[in-house]
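The values are calculated or read from the model by the stated rules, or taken from the named source; none is laboratory data. All values reported here derive from a predicted model rather than from experimental measurement. Here the Cβ positions follow ideal geometry from the backbone for every residue, glycine too, while neighbour counts run over all protein chains shown.
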Amino acid sequence: MFDKKDLDRPVTIRDFHEFVDFASKTFITKVDSKNFATKDDLRLFATKDDLRDFARKDDLHSFKDQILTAVDGVMHEVKAMREEQSAHAHRHDQVDEKINNHERRLKQVENHAGIG
C-alpha cells in the first residue's frame, strides 16, 4: 500500500510503461472499436449515457446517511426496550423473592399448626 511519501515520488519510465500496459489491456479506445464487426458488437460496452443513471459518490454518501439515520432510530428503540426489559426483570426478581418469603413463612405456620 502507498503512503503519503509515495505521492511525492517521481514517476519512473518503468512506472509509466507498466501503466500504459495496464491501460492498453483494460480500456477500449476508438481504434480498438473499429476492429468490431458491427455497431451491435459495441453495445456490449457501456457508454457515458448508459452510466448516467448509476449512483455516483454523492448519491452513495446520501444513501449511507439515510441508512445510518434509520439505524440510529432503531438503536434508540432497542436501547429503550433493553432498559424496559431490565426493569421488568428486576420487578420479577422482587416478586419471586416475595413469593419465596411467603412460601417459607407458610411452611412455618403449617408446621407449627401441624398441618404440613
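Tabulated data
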| quantity | calculated |
| --- | --- |
| Which numbered condition residue 10 fails, given (1) part of a helix (DSSP H, G or I); (2) at pLDDT 80 or above | (1) |
| Residue within region 77-99 that is outside any helix (DSSP H, G or I) and of a type outside the set (Ser, Thr, Tyr) present | no |
| Some residue of region 38-54 being β-branched (Val, Ile, Thr) and surrounded by 10 or more Cβ atoms within 10 Å (Cβ to Cβ) | no |
| Some residue of region 54-63 being more than 19 Å from the chain's Cα centre (by Cα), outside any helix (DSSP H, G or I) and closer than 30 Å to residue 33 by Cβ | yes |
